[in-house]
Amino acid sequence: IKIKNDQNPILFKNRVLNRIRIYNFIFNFMHFLSIFDKKNFKKILFKSTPKNYLTIHARYLVKSKLYSSSVSKKRNISVNELKKILFSIRKKYKYKKIIIVTDINGFKYYKNLKKNFSNIIFSKEISSSFLGDAKLILNSKKYFQYNGGGIGIFALFSKIPFLYSFEDHTALNNEFFWIKYSKFTSWQNINQKTKMCSSVDAFVNEII
């Protein structure tokens, strides 16, 4: 791929200017960039400043004015599923603060779990935006996601430790695993784990 030396180079410029989609292959393209242009790829990864707390993403997507059609609820997690995950994390990390990253609908749906656990907080209690939630993830000691939504991309494009799980391959639209079902991205480090977990119990067994 040749990029001309203009002031504002745009990757796949002709496609972008002609409004031809690139999202369906850009993630897979990143695999090759990470292998063949390591220097520039490092500039893409999000910087992080780990603090003494953990983050877990909990997705509870509902139809709203933001969506023009019905929304998929397949990747939502139930209150009971989140409770199982929190019990396991709390058992492994007894004194760590846990921040549950979710939107306002998720906060309303899951908030009663605060009665069952100490030292947990919801992102919507301290963050008012999507990027604020992303910052919480990038500054955490470790990130956990079972199914869930797209905000996990911030963890995937960082060096923070994480456990990121998909219920099955149908959760992926265009992306492919770098190593089938064991390594999602070519740039993952040894503290970053991606797994196909068919159930929340299988996910809980992976928490270390």
- Task: State whether the residues of segment 147-163 include one that is surrounded by 12 or more Cβ atoms within 10 Å (Cβ to Cβ), among the small types (G, A, S) and under 20 Å from K97 (Cα atoms).
- Result: yes
If you go through H57, H31, the only one that is at pLDDT 90 or above, under 18 Å from the mean Cα position of the chain (by Cα) and of a type outside the set (G, A, S) is H57
Restricting attention to segment 9-28, the residues that are within 23 Å of F184 (Cα to Cα), at pLDDT 80 or above and open to solvent by less than 70 Å² (accessible area, probe 1.4 Å) number exactly 5
task: Kindly check whether there is at least one residue in segment 176-197 that is of a type outside the set (A, V, I, L, M), touching a Leu at 6+ places or on another chain (Cβ under 9 Å), under 20 Å from K97 (Cα atoms) and assigned to a loop (DSSP other than H, G, I, E, B).
output: no
Checked segment 86-139 for anything modelled with pLDDT of 95 or more, assigned to a loop (DSSP other than H, G, I, E, B) and open to solvent by 80 Å² or more (accessible area, probe 1.4 Å); matches are I126
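Please go through segment 25-53 and give me each residue that is outside any helix (DSSP H, G or I) and over 14 Å from G152 (Cα atoms), ordered by number.
Looking only at segment 25-53, we keep the residues that are outside any helix (DSSP H, G or I), and these are 37, 45-53.
Passing the criteria: D37, K47, S48, T49, P50, K51, N52, Y53.
The values are calculated or read from the model by the stated rules, or taken from the named source; none is laboratory data. Note that the structure is predicted; figures quoted are calculated from it, not measured. Backbone-built Cβ (ideal geometry, glycine too); neighbour counts: all protein chains shown. What goes into the accessible areas is simple: the full protein's heavy atoms, side chains included, and nothing from ligands, DNA or RNA. Shrake-Rupley method; radii C 1.70, N 1.55, O 1.52, S 1.80 Å.
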